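Everything below concerns the one structure shown next.
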Amino acid sequence: MKELKNIIADNLIDLRKANKLTQLELAEKLNYSDKAISKWERGESLPDIVILKQLSDMYGVSVDYILTEHTED
């Protein structure tokens, strides 16, 4: 089982790419630096809960979706 940080990182990458956003474009939408986005996606840090909610709203998924491991069948 993957560590939660890595699950979140993978989901953030997948959601960003599915929405055809670069790290810089996402950072601008959230008023964050692209370096922060990069750290989240490498599992080096986590977005705070307010940003997690913004991300879930932006991508049309629940916060729980971002926190849950998804496997391709």
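The values are calculated or read from the model by the stated rules, or taken from the named source; none is laboratory data. This structure is a prediction, so every number in the text was calculated from the model and none was measured. Please note: Cβ atoms are built from the backbone with ideal geometry, for glycine as well, and neighbour counts cover all protein chains shown. Heavy atoms of the whole protein, side chains included, go into the accessibility calculation; ligands, DNA and RNA do not. Shrake-Rupley method; radii C 1.70, N 1.55, O 1.52, S 1.80 Å.
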remark   = Reported set for the range 50-68 where residues are touching a residue at least 24 places away in the same chain (Cβ under 8 Å) and either within 15 Å of residue 21 (Cβ to Cβ) or surrounded by 16 or more Cβ atoms within 10 Å (Cβ to Cβ) (or both) is 54, 55, 58, 59, 61, 66
Residue satisfying all of: in the range 17-49; over 12 Å from the mean Cα position of the chain (by Cα) and closer than 24 Å to residue 2 by Cα; least open to solvent (accessible area, probe 1.4 Å) among these = 44
Unmet requirement for residue 11, which otherwise passes all of (1) within 12 Å of residue 59 (Cα to Cα); (2) polar (S, T, N, Q); (3) open to solvent by 20 Å² or more (accessible area, probe 1.4 Å) = (3)
note = Only one of (1) at pLDDT below 95; (2) surrounded by 15 or more Cβ atoms within 10 Å (Cβ to Cβ) does not apply to residue 4, and that is (2)
